[in-house]
1. Does the stretch 142-149 include one or more residues that are over 17 Å from the mean Cα position of the chain (by Cα), free of Cβ contacts under 8 Å to residues at least 12 places away in the same chain and assigned to a loop (DSSP other than H, G, I, E, B)?
2. Report yes if ARG100 is more than 12 Å from GLY182 (Cβ to Cβ), out of contact with any strand residue (DSSP E or B) (no Cβ under 7 Å at 6 or more places or on another chain) and open to solvent by 70 Å² or more (accessible area, probe 1.4 Å), otherwise no.
3. For ARG189, indicate whether it is in contact with a helix residue (DSSP H, G or I) (Cβ under 6 Å, 6 or more places away or on another chain) and either at pLDDT 90 or above or not β-branched (Val, Ile, Thr) (or both).
4. Which members of the stretch 127-149 meet the condition of being touching a Pro at 6+ places or on another chain (Cβ under 8 Å) and open to solvent by less than 30 Å² (accessible area, probe 1.4 Å)?
5. How many residues are under 22 Å from ALA110 (Cα atoms), part of a helix (DSSP H, G or I) and touching a residue at least 40 places away in the same chain (Cβ under 8 Å) when one looks only at the stretch 150-199?
6. When you go through (1) part of a helix (DSSP H, G or I); (2) among the β-branched types (Val, Ile, Thr); (3) at pLDDT below 90 one by one for THR126, which number turns out not to apply?
7. Just to be sure, is GLY106 in a loop (DSSP other than H, G, I, E, B), surrounded by fewer than 17 Cβ atoms within 10 Å (Cβ to Cβ) and free of Cβ contacts under 8 Å to residues at least 24 places away in the same chain?
8. When you go through ALA92, ALA59 one by one, which is the residue that is at pLDDT 85 or above, within 25 Å of the chain's Cα centre (by Cα) and more than 23 Å from LEU125 (Cβ to Cβ)?
Amino acid sequence: MSILFRGNRRSPYSWTLGGGTSRRVIDLPLIAWLTVIWVLLWGTLSWANLLNGIVVGVAVCLLFPLPAVDLGLRLRPLGIAHLLLYLLWDMAVSSVRVTRMTFTPGPYPAAVVAVPLRCRSDLMLTATALAVSAVPGGSVIEVRQATATLFVHVLDADDPQQIDRARRSVWHTERLTARAFGTSEDVRRAAAPPPEEET
């Protein structure tokens, strides 16, 4: 009889059942994702569909084992709440600013600003880019993985303070994203002073 235990080198949200060639991994994020897909396929959110989705997710994990991969994802509820509140506030303020620019005549020169990040992992690069792109008025047009740099489109770029504000906003979003989803190393890196600025 095998023992259910947490693997030391695995994600903190996965458990290993058995050992050797018969080892199976129960991965909670994968089960949650498969459950969401199951409910979407049925088109109705009900307790029966939810429970059936969980059962199907567990069965898929046991019948079709995947290799051990730690994506570096950590779920911190307080950090997630802080990130969501900041994004909602930033979306509201940015929406008002973009709306005002739409109805005010005059040229608004735009620029692409390179913002080097402190976190180097793919997860943090992706999550930060998504969070920045969710806010109106500033979208990520390129992510350079080799240098961990986001290239952000900035409106009203004739004002140097606006460009500096855009950089600081990206760095603040990176710090909040690391506190919400990053590893301890990501949190430590994001708390460091911003890297050398480059335009």
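1. As a first pass, look at the stretch 142-149 and keep what is over 17 Å from the mean Cα position of the chain (by Cα): 146-147.
Now drop any that are not free of Cβ contacts under 8 Å to residues at least 12 places away in the same chain, which leaves 146.
When the remaining residues are screened for being assigned to a loop (DSSP other than H, G, I, E, B), the result is 146.
Scanning the stretch 142-149 turns up at least one residue that is over 17 Å from the mean Cα position of the chain (by Cα), free of Cβ contacts under 8 Å to residues at least 12 places away in the same chain and assigned to a loop (DSSP other than H, G, I, E, B).
2. Details: more than 12 Å from GLY182 (Cβ to Cβ): yes; out of contact with any strand residue (DSSP E or B) (no Cβ under 7 Å at 6 or more places or on another chain): yes; open to solvent by 70 Å² or more (accessible area, probe 1.4 Å): yes.
Against the criterion (more than 12 Å from GLY182 (Cβ to Cβ), out of contact with any strand residue (DSSP E or B) (no Cβ under 7 Å at 6 or more places or on another chain) and open to solvent by 70 Å² or more (accessible area, probe 1.4 Å)), ARG100 qualifies.
3. Numbers: in contact with a helix residue (DSSP H, G or I) (Cβ under 6 Å, 6 or more places away or on another chain): no; either at pLDDT 90 or above or not β-branched (Val, Ile, Thr) (or both): yes.
The answer is no for ARG189.
4. Taking the stretch 127-149 as the starting set, the residues that turn out to be touching a Pro at 6+ places or on another chain (Cβ under 8 Å) are 147-149.
Within the stretch 127-149, ALA148, THR149 meet the criteria.
5. 8
6. (3)
7. Values: in a loop (DSSP other than H, G, I, E, B): yes; surrounded by fewer than 17 Cβ atoms within 10 Å (Cβ to Cβ): yes; free of Cβ contacts under 8 Å to residues at least 24 places away in the same chain: yes.
Here the answer is yes, as GLY106 does meet what is asked.
8. Working: ALA59 fails: within 25 Å of the chain's Cα centre (by Cα).
None of the other options fit; the residue is ALA92.
The values are calculated or read from the model by the stated rules, or taken from the named source; none is laboratory data. For clarity, every value in this text was computed on a predicted model and none was experimentally measured. Note that each Cβ is placed from the backbone with ideal geometry, even for glycine, and that neighbours are counted across all protein chains shown. Accessible surface is based on the protein model in full, side chains and every heavy atom, while ligands, DNA and RNA are left aside. Shrake-Rupley method; radii C 1.70, N 1.55, O 1.52, S 1.80 Å.
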